[in-house]
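The values are calculated or read from the model by the stated rules, or taken from the named source; none is laboratory data. The shown structure was predicted, so the numbers you read here are calculated from the model rather than taken from an experiment. Neighbour counts run over all protein chains shown; Cβ positions are idealised from the backbone, glycine included. Calculation scope for accessible area: heavy atoms of the full protein, side chains included, ligands and nucleic acids excluded. Shrake-Rupley method; radii C 1.70, N 1.55, O 1.52, S 1.80 Å.
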Amino acid sequence: MTLRDISLNTSAIKPESVPPRPIFDNLDHLKNPFNLKVFSVPNQDIDVGYEIDYEYSWKFIYSYNGSSSTFNAYRRELERLLQWSWVIRRESILNLKRHDIEDFVRFCQKPSLAWIGTKNVARFINRNGQREVNTHWRPFVVTASKIDHKHGVGPNPKKYVLSQPGIRAMFSVLSSFFNFLIQEEVTESNPVMLIRQKSKFIQKRNTKTPVRRISNLQWEFVLETTEKLANEDERHERTLFIMNCLYGMYLRISELVTDERSTPVMGDFRKDMDGNWWLHVVGKGNKSRIVTVSDDMLNALKRFRRSLDLTALPTSDDSTPLIPKNLGNGPVTSTRQIRTIVQNCFDLSFQRMRDEGFDNDAAELEAATVHWLRHTGISEDVKVRPREHVRDDAGHASMHTTDRYIDSDLRERHSSGKNKKIG
């Protein structure tokens with residue numbers, strides 16, 4: 001029975017009250033659509049007739065198979081549109097107009113509870129050698145804050161909020177998709193581009209968004225805690241090196257682990273003709289860059305390599321994993337493992353600050369995440385280094401991004417108004 005059959009019964013459950021099924025599997029289990037001649041929509045309780053939607057959505061997201069993170073982001077946005085259009089609107093996406101896209105955005109801002117999950121799970125699972133739909137998967141996911149999670153407070157679907165970056169990403173992906181359909185001569189217009197008043201969905205900022213970072217005092221506690229761990233247990237030399245990389249070179253955690261994009265090795269630390277050391281990195285969007293290696297960072301590298309019984313400094317052909325496993329051979333391949341390592345350091349530092357009477361600072365550290373270390377490193381460097389140097393080390397696409405970390409104008413602004421009288 002299809003959803004249309006169900007809808008003929010006025011007492012039936014509304015389509016939006018039924019969790020939708022996933023459409024596209026992971027890249028490892030997804031065939032190349034450009035090699036296929038026949039397309040039939042699988043695993044969906046819908047009427048037939050959406051094969052063209054399915055085919056070109058598949059081809060569009062598969063075009064981004066060079067980066068799993070980009071592929072996953074584009075798949076997420078396209079699946080939501082397909083599910084809403086097929087299940088709720090019962091329309092091909094080729095028939096959607098400007099007002100339909102606006103309705104879709106409003107739905108994403110406040111999706112039906114049945115469409116919201118409380119944890120990220122795989123779309124499909126292996127069972128008896130076959131890929132089957134995971135009935136626990138949902139297109140939207142609400143999470144508990146870090147502090148709520150620590151205190152045993154779970155995520156609440158009724159509190160789901162689509163963030164402003166999420167809305168901007170949606171508009172960007174869907175606009176690119178409809179432009180792709182135009183180029184493929186499947187449709188003639190881009191309904192996303194026709195939405196003239198995106199401001200009713202996307203807020204305009206008059207001030208810079210505050211950068212989430214830890215204070216100098218908090219970093220001192222974190223570094224001391226990590227050094228203490230390393231001094232007591234050599235296995236934590238790796239922990240200390242990770243923390244120094246995240247703060248000292250403001251690397252993203254994805255730039256430390258091995259994935260389909262890159263395999264970071266010790267040989268990525270290289271000395272130029274002037275004797276200066278650089279780290280060669282493949283970062284966001286598969287963009288390569290070189291990062292300045294300071295004297296302190298070079299000493300941190302030497303310390304870590306000695307703990308691995310390696311020479312103090314690597315040669316360009318050194319294939320030792322940048323972050324090796326503590327047990328077994330090979331590199332760390334999970335960003336989750338890096339997050340766990342950093343979180344453990346934060347938790348121990350939080351407790352030390354509490355024990356030493358720094359309750360307010362400890363409370364702020366409790367909310368910190370791994371990415372805050374990158375923000376902190378950039379924020380400190382931009383105070384003393386040329387902005388363009390920090391921009392290039394951080395891998396920012398524009399100076400505008402780097403300027404977010406400059407808060408001197410806010411200090412001066414607050415200082416000038418601090419003593420104004422109201423009586």
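Is at least one residue of segment 331-354 among the acidic types (Asp, Glu) and in contact (Cβ under 8 Å) with a residue 60 or more places away in the chain? No, there is no match, as no residue in segment 331-354 is among the acidic types (Asp, Glu) and in contact (Cβ under 8 Å) with a residue 60 or more places away in the chain. For first residues located in segment 221-241 and open to solvent by 90 Å² or more (accessible area, probe 1.4 Å), partners that are outside any helix (DSSP H, G or I) and lie 6+ apart or on another chain with Cβ distances below 9 Å form the pairs ARG235/ASN326.
Identify, please: which residue in segment 68-88 is in contact (Cβ under 8 Å) with a residue 60 or more places away in the chain and among the hydroxyl-bearing types (Ser, Thr, Tyr) and is, among those, nearest to SER57 (Cα to Cα)? Among them, the one singled out is TYR74. For the condition closer than 28 Å to LEU298 by Cα, open to solvent by less than 50 Å² (accessible area, probe 1.4 Å) and modelled with pLDDT under 95, SER334 qualifies. Within segment 401-421, the residues that satisfy the criterion of being in a loop (DSSP other than H, G, I, E, B) and either of a type in the set (Gly, Ala, Ser) or modelled with pLDDT of 70 or more (or both) are ARG404, TYR405, ILE406, LYS418, ASN419, LYS420, LYS421. Residues that are open to solvent by 40 Å² or more (accessible area, probe 1.4 Å) and under 19 Å from GLU255 (Cα atoms) within segment 357-388 comprise THR369, HIS371, listed in sequence order. With respect to ASP309, is the statement that it is over 23 Å from the mean Cα position of the chain (by Cα) and at positive phi true? Judged against the criteria, ASP309 is a match.
Annotation: LYS271 fulfils all but one of (1) of a type in the set (D, E, K, R); (2) at pLDDT 95 or above; (3) within 25 Å of GLN343 (Cα to Cα); the unmet one is (3).
Among the candidates ASP274, ASP296, ASP318, ASP259, the residue that is more than 24 Å from GLU224 (Cβ to Cβ), open to solvent by 40 Å² or more (accessible area, probe 1.4 Å), of a type in the set (Asp, Glu) and free of Cβ contacts under 8 Å to residues at least 60 places away in the same chain is uniquely ASP274.
Of all residues in segment 389-399, exactly one satisfies the criterion of being loosely packed, with under 14 Cβ neighbours inside 10 Å and modelled with pLDDT of 90 or more, namely HIS389. Scanning segment 232-263 for residues that are farther than 20 Å from ASP393 by Cα and not in a loop (DSSP other than H, G, I, E, B) yields GLU232, GLU234, ARG235, HIS236, GLU237, ARG238, THR239, LEU240. Residues in segment 121-140 that are open to solvent by 40 Å² or more (accessible area, probe 1.4 Å) and either under 20 Å from GLU16 (Cα atoms) or in contact with a helix residue (DSSP H, G or I) (Cβ under 7 Å, 6 or more places away or on another chain) (or both): 4 in all.
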